[in-house]
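Here is the structure we will look at.
The values are calculated or read from the model by the stated rules, or taken from the named source; none is laboratory data. It should be emphasised that the depicted structure is a prediction, and the values quoted were computed from it without experimental measurement. FYI the Cβ positions are ideal-geometry reconstructions off the backbone, even for glycines, and counts take in every protein chain you see. The area values use the complete protein model at the heavy-atom level, side chains included, leaving out ligands, DNA and RNA. Shrake-Rupley method; radii C 1.70, N 1.55, O 1.52, S 1.80 Å.
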Amino acid sequence: MRRHARSIKRGAVLTAAALAFGMFAFMPMPWASAADTAPTAAPAATAVIDGWKGSWSVSPQSGGPSYANQTLRQIVHTSIGGTSARVRISNVFGTAPLTVQNVHVAQRSSGSSVNTGTDKAVTFGGQTSVTIAAGQSAVSDSTAFTVAALADVAVSFYLPNSTGSATYHQQGNQTNYVAAGNVSGNGTLSGAATNGTYSFLTNLDVQNSAAKGSVVTLGASLTDGVASASNSNRRWPNDLAVRLQNSGRTVGVLNQGISGNRLLVDGAGQSALNRFDRDVVGQSGVRWVIFSDDPINDLGSTKPPPTSAQLITGLKQLISKAHSAGLLFLCSTLTPYQGASYWTQTGETAREAVNAFIRGSGSGCDGVVDQDAATHDPANPTYYLPAYDSGDHLHPNEAGLQAIANAVNLSLFD
């Protein structure tokens, strides 16, 4: 059932939800191509309901490695649990059809090893093989697989043919495994190579009757977890998932951060404006979105940098997109970055103007996450608190990421 768009007042609670794929479907991506290019104009997307909730995700990007006659075993760290699972495999930025075979899910034990007693084969339309056209994604059938909250799940699949440049997520911050041949069902992948990216796999969804929905964290490198340790699951969205779980709230947290991403301009991935329909509205069970750190990259890496008025206009467009889809939009203030290589006084003035707009009563935001107040040095508010600075004055360390997660008012999800 679709929810019609409605006007949203600050603090309202809605029932928005998952993109309806049925048991197996392809998802056309008319705005996607072989490069991260801007889409053509399209009608506003609307979130739909099909009973699934997102537990884990990454944003697709172009330019990944090529594979052939290899098995990928990729480790995902869940936010919420469930009684059944499904996965989404993306060929959004592919240039040719992608064939995927012998897909498995299992509880990860350690390294590339899985608990074989939990291993389940995954099908697509009842078949063990699926071919996905360029520019599309495929969502699996429901698999009776118990997913634990805040746990590691291994998703394995075989790629029989040369894939060409993969649709991937570059900043995985997780050790994943690549083995020769068709070995998806093996308990351990002996002699596997490793990398820190995710290829083709973008989502793990669950069925959980207690789940209220999912929140998408849309942002750049702060959201993507740069400066957190690999395999630590200490990105601030992970920290938020722990807080929600400990509070008794069953809310999925879906990380849609791309390092280097911008609000207005494509580059490191499509801009937030251009990827919003896919990476936010298209997520399973989405009810909320927290928009985070993209504009810092607009100010630092766009020449000439945008004005604060241009950034605010872009932010208003995102808010309008969210409300048209029936979602609550939570705005984050921009963290300090003086001392970073691309800081300028012009950029600082614009950052402060954007933050003033977000904190104001007429912003249209349905809530505010004050990342700036949570992380800046009270004695030098254009700088990070030294205890939160990773050392580059741009990215917070794990303590700073925890402070950002702590700044989220959990009652926003009630």
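The single condition among (1) of a type outside the set (Val, Ile, Thr); (2) under 21 Å from Leu254 (Cβ atoms); (3) more than 14 Å from the chain's Cα centre (by Cα) that Ser190 does not satisfy is (2).
Looking across the stretch 94-103 at every residue that is outside any strand (DSSP E or B) and open to solvent by 40 Å² or more (accessible area, probe 1.4 Å), the one that is farthest from Gly63 (Cα to Cα) is identified as Pro97.
Highlighted here are the helices (runs of 4 or more DSSP H) found entirely within the stretch 232-341 that include at least 2 residues which are farther than 26 Å from Gln170 by Cα, of a type in the set (Ser, Thr, Tyr) and out of contact with any His (no Cβ under 6 Å at 6 or more places or on another chain): 308-324.
Conditions (1) open to solvent by less than 50 Å² (accessible area, probe 1.4 Å); (2) outside any strand (DSSP E or B), marked per residue:
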position	(1), (2)
Val92	yes, yes
Val105	yes, no
Ser109	no, no
Ser137	yes, no
Phe145	yes, yes
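Checking the structure you have, find out if any residue of the stretch 289-299 is surrounded by fewer than 24 Cβ atoms within 10 Å (Cβ to Cβ) and either farther than 23 Å from Ala373 by Cβ or modelled with pLDDT of 95 or more (or both). No, there is no match, as no residue in the stretch 289-299 is surrounded by fewer than 24 Cβ atoms within 10 Å (Cβ to Cβ) and either farther than 23 Å from Ala373 by Cβ or modelled with pLDDT of 95 or more (or both). Working only within the stretch 339-356, note down all residues that are of a type in the set (D, E, K, R) and under 26 Å from the mean Cα position of the chain (by Cα). Residue satisfying the conditions is Arg351 alone.
Restricting Asn233, Asn238 to those that are in contact with a strand residue (DSSP E or B) (Cβ under 6 Å, 6 or more places away or on another chain), open to solvent by 10 Å² or more (accessible area, probe 1.4 Å) and farther than 23 Å from Ala350 by Cα reduces the list to Asn233. With respect to the stated conditions, Gln345 fails to be in contact (Cβ under 8 Å) with a residue 24 or more places away in the chain, farther than 22 Å from Ala272 by Cα and open to solvent by 40 Å² or more (accessible area, probe 1.4 Å). Got at least one residue in the stretch 318-331 being open to solvent by 60 Å² or more (accessible area, probe 1.4 Å) and under 25 Å from Arg287 (Cβ atoms)? Within the stretch 318-331, one or more residues are open to solvent by 60 Å² or more (accessible area, probe 1.4 Å) and under 25 Å from Arg287 (Cβ atoms). Reported count of residues in the stretch 147-184, each being open to solvent by less than 30 Å² (accessible area, probe 1.4 Å) and polar (S, T, N, Q), is 7.
Do we have any residue at all in the stretch 357-378 that's open to solvent by 50 Å² or more (accessible area, probe 1.4 Å), farther than 26 Å from Pro305 by Cβ and either of a type in the set (Lys, Arg) or touching a Leu at 6+ places or on another chain (Cβ under 9 Å) (or both)? Within the stretch 357-378 (the criterion being open to solvent by 50 Å² or more (accessible area, probe 1.4 Å), farther than 26 Å from Pro305 by Cβ and either of a type in the set (Lys, Arg) or touching a Leu at 6+ places or on another chain (Cβ under 9 Å) (or both)), the answer is yes, since at least one residue qualifies. Pairs are defined by a Cβ separation below 8 Å, a sequence spacing of at least 6 or placement on different chains, a first member in the stretch 181-210 that is assigned to a strand (DSSP E or B), and a second member that is modelled with pLDDT of 95 or more and among the acidic types (Asp, Glu); no pair meets this definition.
Checked against (1) touching a Ser or Thr at 6+ places or on another chain (Cβ under 9 Å); (2) within 26 Å of Phe276 (Cα to Cα), Ala180 passes all but a single condition, namely (2).
Within the stretch 185-210, the only residue that satisfies the criterion of being within 24 Å of Ser84 (Cα to Cα), hydrophobic (A, V, I, L, M, F, W, C) and surrounded by fewer than 24 Cβ atoms within 10 Å (Cβ to Cβ) is Ala210. Restricting the stretch 362-414 to residues that are assigned to a loop (DSSP other than H, G, I, E, B) and of a type in the set (A, V, I, L, M) leaves a set whose member that is farthest from Lys212 (Cα to Cα) is Ala379.
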